[in-house]
Amino acid sequence: MENSSYTRKKEPELSKQLIIDAAIHIGSESDWHHVTFQSIADWTGLSKGGIIHHFRNKEELLDELVNQSLINLTDKVKKYRDQNVDKDGAFAYLKFILEKKNDEKYAKTMRIILQAIMINSKYRLQWEDWYNLPILPTDGEELSIHSTIVFLVADAIWYSENMGSIHLTEKDKPKVLNFLQQLK
């Protein structure tokens, strides 16, 4: 990647995002343990010192990646909920999951998030906190069994897609939605 001192000095947010994007690329191609400041420097053309200027250590980098991802997810899931797909957000969440699985950067980022959740309870707890904020009902109402099933199906699809196991075809997506809507 081409990088100049002008970009580093005048556009620090671009450099920071470049570092995060490199970490996503490297981490999703193998695993998070292979993300090093040297591998990021090799991928971006930035110096290790330039990377350390933005992130003191790898955990700080992963923290930022997770935080950015959760903010992004919150915005997108709220957008689906705002479209009044359903009262409690279950189908909004499912539709979001089904549509986002074809976004390569999202998929790579989610593979890293999944790794983070599995290796560090801090990230698992952060994920749990996120999950309860933007997508579950906020009026204190309990989820119906139908909505609970829809949420579980959405999570199963998310997990299997990110683990590389079962993949839904574009033809199967509407069938899944139809089937779950008929369960009401």
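The values are calculated or read from the model by the stated rules, or taken from the named source; none is laboratory data. This one's a predicted model, so the numbers in the text were calculated from it and none came from an experiment. FYI the Cβ positions are ideal-geometry reconstructions off the backbone, even for glycines, and counts take in every protein chain you see. Just so you know, the surface numbers come from the protein's heavy atoms only, side chains and all, with ligands and any DNA or RNA stripped out. Shrake-Rupley method; radii C 1.70, N 1.55, O 1.52, S 1.80 Å.
What number of residues within segment 10-67 are part of a loop (DSSP other than H, G, I, E, B) and surrounded by 15 or more Cβ atoms within 10 Å (Cβ to Cβ)? Give the steps one after another, and end with the answer.
Restricting attention to segment 10-67, the residues satisfying the condition of being part of a loop (DSSP other than H, G, I, E, B) are 11, 30-31, 35-36, 45-47, 55-57.
Now drop any that are not surrounded by 15 or more Cβ atoms within 10 Å (Cβ to Cβ), which leaves 35, 45-46, 55.
Of the residues in that region, 4 qualify.
I need a count of the residues in segment 68-86 that are not polar (S, T, N, Q) and not in a helix (DSSP H, G or I).
Result for segment 68-86: 2.
Residue check: is Leu98 more than 25 Å from Ala23 (Cβ to Cβ), outside any loop (DSSP other than H, G, I, E, B) and at pLDDT below 90?
Numbers: more than 25 Å from Ala23 (Cβ to Cβ): yes; outside any loop (DSSP other than H, G, I, E, B): yes; at pLDDT below 90: yes.
So Leu98 passes the test.
Starting from residues that are over 18 Å from Trp158 (Cβ atoms) and open to solvent by 70 Å² or more (accessible area, probe 1.4 Å), keep the ones in segment 130-139 and report whichever is modelled with the lowest pLDDT. Talk me through it step by step, then tell me what you get.
At the first step, the residues of segment 130-139 found to be over 18 Å from Trp158 (Cβ atoms) are 137-139.
Then drop every residue that is not open to solvent by 70 Å² or more (accessible area, probe 1.4 Å), which leaves 138-139.
Working: Thr138: 55, Asp139: 59.
The residue in question is Thr138.
Just checking, does segment 110-129 include any residue being modelled with pLDDT under 85, polar (S, T, N, Q) and either closer than 27 Å to Ile71 by Cβ or open to solvent by 30 Å² or more (accessible area, probe 1.4 Å) (or both)?
Within segment 110-129, none of the residues are modelled with pLDDT under 85, polar (S, T, N, Q) and either closer than 27 Å to Ile71 by Cβ or open to solvent by 30 Å² or more (accessible area, probe 1.4 Å) (or both).
Could you check how many residues of segment 145-174 are open to solvent by 60 Å² or more (accessible area, probe 1.4 Å) and modelled with pLDDT under 85?
Of the residues in that region, 4 qualify.
Determine whether Ala107 is at pLDDT below 90, more than 15 Å from the chain's Cα centre (by Cα) and not charged (D, E, K, R). Walk me through how you get there before you give the answer.
Working: at pLDDT below 90: yes; more than 15 Å from the chain's Cα centre (by Cα): no; not charged (D, E, K, R): yes.
Criteria not met by Ala107.
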